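Q: The structure's right below; bear with me while I get my questions together.
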């Protein structure tokens, strides 16, 4: 597909701009990034951490807590 690489690069640039804007100007500190899980530089949590390091570190705690809760819920369902 011609232009696929460029589209992917532009998509990531747009995502980074939006996260920076929302984190810096709107004060949003929690983002839900549902993607394919491919490792990339400039992931949502990394960009948010650049803008506001203290809030981004609390987001990591929230992610760990939610992962633990999901594991507990899946165990109790069986």
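Just so you know, all these numbers are worked out from the coordinates, no wet-lab data involved. Not measured: the values here are computed from a predicted model. Note that we place each Cβ from the backbone using ideal geometry, even for glycine, and neighbour counts take in every protein chain shown.
Q: Ranking 17, 75 by Cβ neighbours within 10 Å, fewest first, what do you get?
A: In order of increasing Cβ crowding within 10 Å: 75, 17.
Q: Provide the gained length on full extension for the span residue 72 to residue 8, in nm with one decimal, where the gain is 0.36 nm per separating residue minus the Cα-Cα distance. Let's see the in-between values first.
A: Values: separation 64, 0.36 × 64 = 23.04 nm, distance 3.62 nm.
Result: 19.4 nm gained on full extension.
Q: First measure r as the distance between the Cβ atoms of residue 45 and residue 1, then evaluate 1/(1 + (r/R0)^6) with R0 = 30 Å and state the FRET efficiency to the nearest 0.05.
A: Efficiency computed from Cβ-Cβ geometry: 0.55.
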